[in-house]
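Notes follow once the structure below has been shown.
The values are calculated or read from the model by the stated rules, or taken from the named source; none is laboratory data. Computed from a predicted structure; not experimentally measured. Don't worry about glycine lacking a Cβ; one is built from the backbone with ideal geometry, like all the others, and counts go over all protein chains shown. Surface areas here come from the heavy atoms of the whole protein model, side chains and all, with no ligands, DNA or RNA. Shrake-Rupley method; radii C 1.70, N 1.55, O 1.52, S 1.80 Å.
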Amino acid sequence: MLSRWMSGSSRNLDREYNCTVRLLDDSEYTCTIQRDAKGQYLFDLLCHHLNLLEKDYFGIRFVDPDKQRHWLEFTKSVVKQMRAQPPFTMCFRVKFYPTDPAALKEEITRYLVFLQIKRDLYHGRLLCKTSDAALLAAYILQAEIGDYDPGKHPEGYSSKFQFFPKHSEKLERKIAEIHKSELSGQTPATSELNFLRKAQTLETYGVDPHPCKDVSGNAAFLAFTPFGFVVLQGNKRVHFIKWNEVTKMKFEGKTFYLYVSQKEEKKIVLTYFAPTPEACKHLWKCGIENQAFYKLEKSSQVRTVSSSNLFFKGSRFRYSGRVAKEVMESSAKIKREPPEIHRAGLVPSRSCPSITHGPRLSSVPRTRRRAVHISIMEGLESLRDSAHSTPVRSASHGDAFAAPGRGGRADSSERVAVIADENYSPADSVLPTPVAEHSLELMLLSRQANGAPCSIEEEKESEAGTPAAEAEEAGELRALCPGAGGLGAAQAEQVNKFVLSVLRLLLVTVGLLFVLLLLLIVLTESDLDTAFFRDIRQTPEFEQFHYQYFCPLRRWFACKVRAVVSLLIDT
């Protein structure tokens, strides 16, 4: 029996699993790993395949069956982290954006970061003025098709490429104009470097948005950048906190807390609510890793962090890896011939087939705009389920930056917005992309007052005005908005937390007393000869306990141990 168990265990250990990792150029890398292979092993395989040495900026992302995103932990087994059935599918992405991408040592690293930021631009995570967007798109065009050639590039050639979720004709003409007149002669490496330098100056450079709600129930997006913690709400950045001002991060259930210490000993606590406890834990772990990477001087300063207080159930997490300063010092020591770079052609992202080369709404007749809205909404559904940096949990999360509601329910044909030509913001669209002034009427705004975007099903519910949908919406608002009738629920939640903390305190106290009692019994029954224990052993109470309870229990326990040992020997 023992031999069969050992042979079965060896078969499980030798089992191989297929892994497919989608790279930044949308190509795929397939390999097999053993059951006990760590995440570091898979990551090293990828970096060797890419000929990448400055690998600390990158990571492997995957999405579990509940549509929750995760970063693969390199110190743990890959198989144990994946909740899905094999074969496993993951994505290779930039995890820590370089503070100065132009300072990267190798061109291959800059090229991979360029591909990531190009994806950010395409999926609406990199917000900028229309003029800046045109320049960024022109850099992409120059890097991937070269100089303008009248014989190869006819009128309107820039409209054949998809740089953003939507294009306007004015923006396309601006892109082509810059490409023709300002970028001639630039090599792909030069154009990519200029692209990175320009992207670095934007406020949302390096933003990977985590959808949340504040204490008033308003939609917000939390993000960690190379420079600090960012909160985006409505059409503006409501908080920017440098890493050296963040003193603590923790979470309890769906609630995320950020403790900030600013000048003049001013201390504040920011509180936000994630959609699920799993999303909140992912947000917390991302914050811990980003703060350690960008703030610390040495990896030896990294400490294990607890997610909560002593008497609240929580998680413990420790960032594993080098910090930004160590990575830069290591990069400076790289001495090898620059590796050959196989640049991919300019093709749209495979993760968004329904948006790819979609129609420009400015050229669509007014009577057909509703059908186009639904088509774009299907594109949003595909974005939500893709495995890059887009929020993927549910419709209430939004893609890119969701639009907050603009009041109560209204007729869908009247609820449109126009984006200004000079800039665009998260408040203006669920697909925040640069468009010409008055050239685009956007899709339906949110049906919820707290800013959740509409899916196709939610749009139908909104038009029908079903009581169930209204009751659900009112319930969410009461739970998250103390000012809107949810004060009693908030107070009840605080009381429940206090009661749970008191119960945990009592349990911990009773447990400590029980452990101390066991320790005292063991020491008293031992051969330790001290005056204190001699006095205890001579008391009548101890002699009664020793002969009536301790000795019979010891004989029973010894008999059971002998029986188990003999059973193992016989088998």
Find all pairs meeting these conditions: Cβ atoms under 9 angstrom apart; at least six residues apart or on different chains; first residue within segment 547-571 and more than 19 Å from Thr524 (Cα to Cα); second residue part of a helix (DSSP H, G or I).
Leu568/Leu2; Thr571/Leu2
Has segment 111-124 got any residue that is over 20 Å from the mean Cα position of the chain (by Cα) and modelled with pLDDT under 95?
no
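In this structure, is Cys31 farther than 28 Å from Lys295 by Cα, at pLDDT below 95, open to solvent by less than 40 Å² (accessible area, probe 1.4 Å) and under 24 Å from the mean Cα position of the chain (by Cα)?
Working: farther than 28 Å from Lys295 by Cα: yes; at pLDDT below 95: yes; open to solvent by less than 40 Å² (accessible area, probe 1.4 Å): yes; under 24 Å from the mean Cα position of the chain (by Cα): no.
For Cys31, the condition - farther than 28 Å from Lys295 by Cα, at pLDDT below 95, open to solvent by less than 40 Å² (accessible area, probe 1.4 Å) and under 24 Å from the mean Cα position of the chain (by Cα) - is not met.
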Going by what's in this entry, would Lys213 be described as among the basic types (Lys, Arg) and farther than 30 Å from Thr276 by Cα?
no
So which strands (runs of 3 or more DSSP E) stay within segment 39-135 end to end and still have 3 or more residues that are open to solvent by less than 30 Å² (accessible area, probe 1.4 Å)?
58-63, 88-94
Is it the case that segment 251-267 has a residue that's in contact with an Asp or Glu (Cβ under 6 Å, 6 or more places away or on another chain), assigned to a strand (DSSP E or B), open to solvent by less than 20 Å² (accessible area, probe 1.4 Å) and closer than 21 Å to Asp208 by Cβ?
yes
List the residue pairs whose Cβ atoms are under 7 Å apart, where the first residue sits in segment 195-211 and is basic (Lys, Arg), the second is surrounded by fewer than 24 Cβ atoms within 10 Å (Cβ to Cβ) and assigned to a helix (DSSP H, G or I), and the two are 6 or more positions apart or on different chains.
Arg197/Ala102; Lys198/Asp132; Lys198/Leu135
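For (1) open to solvent by 80 Å² or more (accessible area, probe 1.4 Å); (2) in contact with a Gly (Cβ under 8 Å, 6 or more places away or on another chain); (3) modelled with pLDDT under 80; (4) not assigned by the TED database to the domain that holds Glu252, each residue gets a yes or a no:
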| position | (1), (2), (3), (4) |
| --- | --- |
| Ala484 | no, yes, yes, yes |
| Ala489 | no, no, yes, yes |
| Asn496 | yes, no, yes, yes |
| Leu506 | yes, no, no, yes |
| Val510 | yes, no, no, yes |
| Phe514 | yes, no, no, yes |
| Leu528 | yes, no, yes, yes |
| Arg534 | yes, no, yes, yes |
| Phe545 | no, no, no, yes |
Being more than 27 Å from His210 (Cβ to Cβ), out of contact with any strand residue (DSSP E or B) (no Cβ under 6 Å at 6 or more places or on another chain), assigned by the TED database to the domain that holds Lys166 and at pLDDT 95 or above is the requirement here; does Tyr148 meet it?
no
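Quick grid of which residues meet (1) touching a Lys or Arg at 6+ places or on another chain (Cβ under 6 Å); (2) aliphatic (A, V, I, L, M); (3) assigned by the TED database to the domain that holds His239:
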{"residue": "Pro154", "(1), (2), (3)": "no, no, no"}
{"residue": "His167", "(1), (2), (3)": "yes, no, no"}
{"residue": "Ile175", "(1), (2), (3)": "no, yes, no"}
{"residue": "Gly185", "(1), (2), (3)": "no, no, no"}
If I go through segment 233-248 residue by residue, how many of them are at pLDDT 90 or above, open to solvent by 10 Å² or more (accessible area, probe 1.4 Å) and in a strand (DSSP E or B)?
4
Qualifying residues in segment 158-214 (those that are among the polar types (S, T, N, Q) and under 30 Å from Cys280 (Cα atoms)) - the one surrounded by the most Cβ atoms within 10 Å (Cβ to Cβ)
Thr204
